[in-house]
1. Under a Cβ-Cβ cut-off of 14 Å, what is the net charge of the residues other than Y106 that fall near it, where Lys and Arg count +1 and Asp and Glu count -1?
2. What is the dipole size for the chain, taken about its Cα centre, with +1 at each Lys and Arg Cβ and -1 at each Asp and Glu Cβ, in debye to the nearest 20?
3. State, as an integer percentage, the relative contact order of the chain based on alpha-carbon contacts under 8 Å between residues 6 or more apart.
4. If you place +1 on the Cβ of every Lys and Arg, -1 on the Cβ of every Asp and Glu, and leave all else neutral, what size is the dipole of the range 16-146 about its Cα centre, to the nearest 20 Debye?
5. Roughly how tilted is helix 161-174, in degrees to the nearest 10 and between 0 and 90, from the longest Cα axis of the chain?
6. Within straight cross-link reach of K238, meaning Cα distance under 18 Å, which lysines are found once same-chain residues fewer than 8 apart are removed?
7. If you build a Gaussian network model of the chain, linking Cα atoms that sit under 10 Å apart, which residue out of V224, V102, V143 swings the most?
8. Could I have the simple spin-label model distance between F146 and E39, label points 7 Å from Cα toward Cβ, reported in nm to one decimal?
Amino acid sequence: MRNVTETVKQLIIINVLFFVGTLIIGDAAYKILALYFPENPSFQLWQPVTHMFMHGGFMHIFFNMFALYSFGSALEQIWGSKKFLFFYISCGLGAALLHTGVNYFYFQESLNTLIANGFSKQEVLQLLNEGKINTGWQEILSVSDFQNFTSAYMGTAVGASGAIYGTIVAFAFMFPNAELALMFIPVPIKAKYFVPGLVLVDLYLGISGKSIFGGGGIAHFAHVGGALFGFIIMWYWKKNQFNKNRWN
């Protein structure tokens with residue numbers, strides 16, 4: 001087993017402390033620290049950072065922290081702590097940015113449709129702020145548009161998954177021929193094939209609104225956003241031959 005590196009260990013501890021705190025405090029913690037839609041009154045400027053330390057359940061935090069340990073420690077050993085932490089947080093912020101951007105697109109598109117059909121923006125926002133809907137919206141919007149519209153405004157995002165996806169992308173850059181395996185795929189797959197495949201699956205699920213295991217609540221575009229920012233940073237560093245000594 002690979003020894004856990006210092007920054008990765010500290011990140012895991014912080015995530016666990018946040019998780020235990022939410023178990024004690026309850027929904028009030030999510031109200032403050034989860035990522036809300038920017039036009040929602042519950043949105044706060046710190047949420048793009050704090051949301052990546054929040055998790056929705058034991059399995060959610062377990063798999064994220066296991067991935068952080070497995071892939072993050074290898075990267076921190078090569079890069080050093082400052083460079084790895086910069087990368088990790090940047091990918092988490094990138095995940096929040098794409099997730100919010102996609103939600104804004106869905107929301108604004110449906111809002112414009114409702115306004116064009118006689119609903120006032122003020123009335124729509126007031127109902128949403130009260131946690132209510134107008135059943136007349138469902139007569140105008142398609143089922144998927146209505147779901148995207150309401151979930152974009154009322155929903156929240158939590159989890160380190162975006163930062164983790166960026167970390168996995170970086171691992172594939174650094175160790176393209178390392179063999180990885182999923183529990184339900186017994187044959188190891190090289191990282192350079194495994195990681196792009198994983199991201200493409202998330203992209204498909206995000207666009208289609210489907211889920212492999214059934215149920216919803218997975219922010220697929222946050223995963224894609226973390227992976228995308230991870231790819232961009234790695235591409236830039238490779239192009240400019242970034243020296244890790246700059247970060248030490």
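1. Once all neighbours under 14 Å are counted, the net charge is -3.
2. Numbers: 14 positive and 11 negative charges, 220 e Å.
Dipole about the Cα centre, nearest 20: 1060 debye.
3. On the way: 323 pairs, mean separation 65.6, N = 248.
Computed over the chain, the figure is 26 percent.
4. On the way: 5 positive and 8 negative charges, 97 e Å.
I would put it at about 460 debye.
5. Here the helix axis deviates by roughly 40 degrees.
6. K82, K83, K192
7. Checking each option, the largest mean-square fluctuation is seen for V143.
8. In this crude label model, F146 to E39 measures out at 1.9 nm.
Quick note: the coordinates plus some simple rules give every number you see, no bench work behind them. Just so you know, these numbers come straight off a predicted model, no measurement behind them. All Cβ positions, glycine included, derive from the backbone under ideal geometry; neighbour counts span all protein chains shown.
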